[in-house]
Structure formats: structure tokens, C-alpha cells
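The structure appears below as C-alpha cells.
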Amino acid sequence: MLTWVMIFLLKWVELSLESFRIACLVHSHKLLSSIISFIDVLLSLVALGLIIPHLTNWLFYIAYAAGYAAGNWTGLWIFERIMGKSIKVL
């Protein structure tokens, strides 16, 4: 698989988990939040490990940023579906 695709997918999954983790933490789901944190950090380290050897490739920056944006939206969507609560952003 292409490296930039892997970076996008890793960041997408990682930020989906991160957004969901923060929503869980706000709603006092401490154990679930802690478990998600562990997985989140592992995925983040793998994504950074793919980027660092290629710091001059702008496509990797775009993939990282796009994965970040997609993961943020997906994490909140997952939370709303699982918890049945809507999150309002000020």
C-alpha cells in the first residue's frame, strides 16, 4: 500500500478514537477512555514513524491533515451513534 494512504488511514482511525475518547471522558467513561488512549498512542506513533523519514514529501503532510480532519468528524459521529447523544460545538 502507498505510504501516504497508510498515513491517512492511521491518522483517521487514531483521531476517530481520540475524538470518541474525549467524548467518553466528558461523560465519565473512565475505563473505556483509558483503553482507547493506549490504542490511540500506538497508532499515532506508527503514523509519525512513517512521516519522519519523508519530511520533504508534501503529500504526506496533506495525508496527515486530511486523516486528522476525517477522524475528528468520524469520532464524533461514532459517539453520537453509540451513546445516542448529540454533541454541540460552541
For a quick check: sort L17, L32, L2, L43 by the number of other beta carbons within 10 angstrom, fewest at the front. L2, L32, L43, L17
What does the helix-only formula give at 222 nm for the chain: each DSSP H stretch with n ≥ 4 adding -39500 (n - 2.57), the total divided by the residues, and the result rounded to the nearest 500 deg cm²/dmol? -28000 deg cm²/dmol
³J(HN,Hα), Karplus 6.51/-1.76/1.60, whole Hz, each residue of the stretch 7-14, x for Gly, Pro: 4, 4, 5, 4, 5, 4, 5, 4
Given a cut-off of under 8 Å on Cα pairs at least six residues apart, what relative contact order in percent is computed for the stretch 3-83? 55 percent
Express the Stokes-Einstein translational diffusion coefficient of the chain in µm² s⁻¹, to the nearest whole number, given a Kirkwood radius over alpha-carbon pairs, 20 °C and a viscosity of 1.002 mPa s. 158 µm²/s
Residue-span extension gain [F38 to N57] - 0.36 nm each, minus C-alpha spacing: 4.0 nm
Table column - 3J(HN,Hα) (Hz), the stretch 52-64, Karplus curve with 6.51, -1.76, 1.60, x for Gly and Pro: 4, x, 10, 5, 8, 8, 5, 4, 5, 5, 5, 4, 4
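Readers should treat all values here as calculations from the given coordinates under stated rules, not as data from a laboratory. Everything numeric here is computed off the predicted structure, so don't read it as measured data. Methodologically, a virtual Cβ is constructed for each residue, glycine included, from the backbone with ideal geometry; neighbour enumeration extends over all protein chains shown.
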